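A.B. asks: Pasting in a structure now, in structure tokens, and then I'll have a few things to ask.
Taken together, the values in this text are just the output of simple stated rules run on the coordinates, not laboratory data. Just so it is clear, the model here is predicted, and its values are computed rather than measured. Every residue, glycine as well, gets a Cβ built from its backbone with ideal geometry; the counts of neighbours run over all protein chains shown.
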Amino acid sequence: MIVTDNNSTANAYNFGFLDEYAKKEIRRAILKAIAIPGYQVPYASREMPMGRGFGTGGLQLTLSLIGPDEVVKVIDQGSDDSVNAVNLRQFIEMTCPGISTTTKTDESSLIQSRHRIPERPLTSQQIIVLQVPYPDPLVVVEPSEDKRKTMHGEADYSRLLVKLYEDIVAFDEITISHRYPTRINGHYVIDPSPIPRWDVPKLNDSAALILFGAGREKKIYAVPPHTRAEPLVFSDVPFRVEDFYDAAGRRRACTRCGCADSFLDEFVNESGSKSYQCSDSDWCDEQLLRVDEVEGEVA
């Protein structure tokens with residue numbers, strides 16, 4: 001509530017929805033997360049006008065960092081037009097008057113994302129906030145949080161490596177497709193949110209600051225710019241990303257723009273046939289524009 005000069009009362013949100021004390025606490029947690037790459041910093045996650053698990057952690061980070069002249073991009077699994085992305089974008093616009101939103105990666109200063117890192121390399125002038133459902137990769141091998149904290153502190157990830165080894169024994173390869181455990185700066189292993197393996201190498205030596213927010217689990221962690229990020233692997237079983245090759249050994253391309261070096265989403269048509277399209281909608285639009293420009297020059 002705010003009181004105007006004529007003593008009348010009007011309903012209004014604080015800029016960025018959160019109160020200033022909440023923002024300060026989250027910013028302090030972010031600074032600690034940057035100072036200790038990969039360390040999960042606890043914070044008092046606030047109630048948000050959406051269910052936990054729908055991006056409340058990432059949204060709190062975004063609302064704490066956002067400034068009046070910010071240019072914000074919100075994506076969900078690469079798309080700017082999905083339900084989650086549209087709802088979060090509208091909420092940010094409603095509670096942060098004066099900010100600008102965009103669907104262009106290169107125009108944005110702050111990116112909030114669910115499950116993807118954009119195909120276009122990020123710059124030192126950008127921050128990307130990733131929504132995280134489960135921040136601790138050790139939860140699959142150790143249910144006790146107290147014991148997990150000790151294991152993280154001692155960099156004891158032997159049980160996690162055993163879990164990966166069991167995958168190799170059973171399936172001849174590591175079957176983790178998302179949330180691939182990644183060691184940061186030679187110590188802490190993080191859950192990089194449910195990004196595909198395709199995006200894991202982008203964490204390494206990134207020019208942009210990468211922040212992770214888990215609202216339900218009340219944790220914040222970070223990969224600072226130009227920090228070493230290495231997926232857990234064995235010397236004789238190297239890490240590999242999704243290859244998108246067909247049975248004939250040909251690399252599949254996007255049916256919309258023709259790009260053959262991006263992460264692709266698979267679609268099943270009414271006839272039962274499959275088609276593939278760039279997961280990153282902005283990247284796909286950009287490649288399509290380049291194709292149109294080339295065809296125009298040829299014509």
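A.B. asks: By average Cβ neighbour count within 10 Å, what is the ranking of 55-61, 206-212 from highest down? Display every interim value, and only then the final one.
C.D. replies: On the way: 55-61: 26.6, 206-212: 21.7.
Highest to lowest by the protection proxy: 55-61, 206-212.
A.B. asks: Which lysines have a Cα lying under 28 Å from the Cα of Lys24, excluding residues fewer than 8 positions away in the same chain?
C.D. replies: Answer for Lys24, where 28 Å is the Cα cut-off: Lys32, Lys73, Lys149, Lys218, Lys219, listed by chain and number.
A.B. asks: Using only alpha carbons, build the gyration tensor for the chain and give me the equivalent ellipsoid semi-axes, biggest first, whole Å. Walk me through the numbers on the way to the answer.
C.D. replies: Details: eigenvalues 218, 169, 52 Å².
For the chain, the ellipsoid semi-axes come out as 33, 29, 16 Å.
A.B. asks: For the stretch 242-299, list log₁₀ I(q)/I(0) at each q in 0.13, 0.20 Å⁻¹, using the Debye formula over Cα point scatterers of equal strength and ignoring solvent, two decimals each.
C.D. replies: Log10 of I(q)/I(0), two decimals: -0.38, -0.77.
A.B. asks: Let me ask something additional. Suppose every Lys and Arg Cβ carries +1 and every Asp and Glu Cβ carries -1, with no other charges. What dipole size does the stretch 40-135 come out with about its Cα centre, to the nearest 20 debye?
C.D. replies: On the way: 8 positive and 10 negative charges, 57 e Å.
Taking the Cα centre of the stretch 40-135 as origin, the dipole is about 280 debye.
A.B. asks: Contact order normalised by length for the chain, with contacts defined as Cα pairs under 8 Å and 6 or more residues apart; what percent is it?
C.D. replies: Reported relative contact order: 19 percent.
A.B. asks: Fewest Cβ neighbours within 10 Å first, please rank Ser281, Ser275 accordingly. Working shown, then result.
C.D. replies: Numbers: Ser281 20, Ser275 14.
By the 10 Å Cβ count, ascending: Ser275, Ser281.
A.B. asks: Then there's this: Counting each DSSP H run of 4 or more residues in the chain as -39500 (n - 2.57), what helix-only mean residue ellipticity at 222 nm follows after dividing by all residues, to the nearest 500 deg cm²/dmol?
C.D. replies: On the way: 6 runs with 80 residues, N = 299.
Computed mean residue ellipticity for the chain: -8500 deg cm²/dmol.
A.B. asks: So, one more: Just add up the charged neighbours of Glu20: K/R +1, D/E -1, any other residue whose Cβ is under 15 Å from the Cβ of Glu20. Intermediate values should be presented prior to the final figure.
C.D. replies: Details: positive: Lys23, Lys24, Arg27, Arg28, Arg46; negative: Asp19, Glu25.
Cβ neighbours under 15 Å give a net charge of +3.
A.B. asks: Report, in debye and to the nearest 20, how large the dipole of the chain comes out about its Cα centre when Lys and Arg carry +1 and Asp and Glu carry -1 on their Cβ.
C.D. replies: Values: 33 positive and 45 negative charges, 219 e Å.
The calculated dipole for the chain is roughly 1040 debye.
A.B. asks: Which net charge results when you count Lys and Arg as +1 and Asp and Glu as -1 among the other residues whose beta-carbon is under 11 Å from that of Ala214?
C.D. replies: Details: positive: Arg52, Arg216, Lys218, Lys219; negative: Asp136, Asp191, Glu217.
Every neighbour counted, the sum reads +1.
A.B. asks: Mind sorting Phe234, Phe171, Phe239 by how few other Cβ atoms lie within 10 Å of their own Cβ, fewest first? Working shown, then result.
C.D. replies: Values: Phe234 12, Phe171 9, Phe239 15.
In order of increasing Cβ crowding within 10 Å: Phe171, Phe234, Phe239.
A.B. asks: Continuing with this model, one more query. Pull out a ≥ b ≥ c, the square roots of the eigenvalues of the alpha-carbon gyration tensor of the stretch 2-116, then state rounded if a/c is under 1.5, prolate if not and a/b is larger than b/c, and oblate in the remaining case.
C.D. replies: Numbers: a/c = 1.74, a/b = 1.21, b/c = 1.44.
Oblate.
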